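J.: Before I ask anything, here is the structure I am working with.
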Amino acid sequence: MSRVLRTWILVAAAALLGAPQLAAAQDEEAMLLVAHPAFRDSDYRQTVLIAAPAPNGGHVGVILNRPTRRSLGSLFPEHEPSKKVVEPVYFGGPFSRGALVALVKADAEPGAGSVLLMKSLYLTFRANTIDSVIESTPNDARYYVGYVGWRPGELRSEIDRGLWSVLSADLETVFRKDTDGLWEELLQQTRRIRAGVIPPQAAALAGDFSSVSRPPR
């Protein structure tokens, strides 16, 4: 891996070392968050996120439907394995915008610094682990600039205030190649759910959509 790529990835790892532990809780899995239509924050407008709980009550995740026009190979032209990645780099969120993280499909933990989101899906921050994924199975992952983090109780507050609707996560949606129209499709799905029977996971976190402004950080 080039020195520039390794330095860039280390930014995320350093940020996490100073943050609460980010391993997913053993009895909970990831959820999809669908932004309310009136959510005007430019970073989250018309977005779909995957988020997973942390043992301390916080959450971590990435935005799924914000592909950029850059490839990993164009960002790191001196790193030959990066040129094998077919999909573009995605904007994962406003936290550590200069850092690279990866969603990895794997039956076992891909390496140190990986967060288990759900079965066969990890979010990894560690430079050596991302390096190994790029060099061994470059297209079994999706690469993101930045990520999203919530303090304990913060995501629940946002859902209660109506910023997000909640759906169960699945690998097909997470790695959908064409994300155009994903937000609109899932928004319609959440509306059908609210009109009918709300799944247990969504019911536990459902809000009244009375407010749609993100709290200041």
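Each value in this text was obtained by applying a stated rule to the coordinates, not by laboratory testing. This is a predicted model, so every value here is computed, not measured.
J.: Amide H neighbours of TYR90 under 5 Å, at least 5 residues apart or on other chains, H built in the peptide plane: list them.
T.: Here THR68, TYR143, TYR144, VAL145 satisfy the definition.
J.: Rounded if a/c is under 1.5, else prolate if a/b is larger than b/c, else oblate: which is region 24-126, with a ≥ b ≥ c the root eigenvalues of its Cα gyration tensor?
T.: Working: a/c = 2.11, a/b = 1.14, b/c = 1.85.
Verdict is oblate for region 24-126.
J.: Straight-line reach only, C-alpha to C-alpha below 13 angstrom: list the aspartates and glutamates that LYS177 could link to, leaving out same-chain residues fewer than 8 apart.
T.: GLU87, ASP140
J.: Could you go through region 58-67 in sequence order and give the Karplus-derived ³J(HN,Hα) for each residue, using 6.51 cos²θ - 1.76 cosθ + 1.60 with θ = phi - 60°, rounded to whole Hz, and x for Gly and Pro?
T.: Values, residue by residue: x, 9, 9, x, 9, 7, 8, 10, 10, x Hz.
J.: Along region 96-113, what does the Karplus equation 6.51 cos²θ - 1.76 cosθ + 1.60 (θ = phi - 60°) give for ³J(HN,Hα), rounded to whole Hz, x for Gly and Pro?
T.: Couplings: 6, 4, x, 10, 9, 10, 9, 8, 10, 7, 7, 6, 10, 3, x, x, 4, x Hz.
J.: Give me a comma-separated list of calculated 3J(HN,Hα) values for region 70-80, in order, Karplus coefficients 6.51, -1.76, 1.60 applied at θ = phi - 60°, integers in Hz, x for any Gly or Pro.
T.: Couplings: 9, 8, 5, x, 6, 6, 10, x, 7, 9, 4 Hz.
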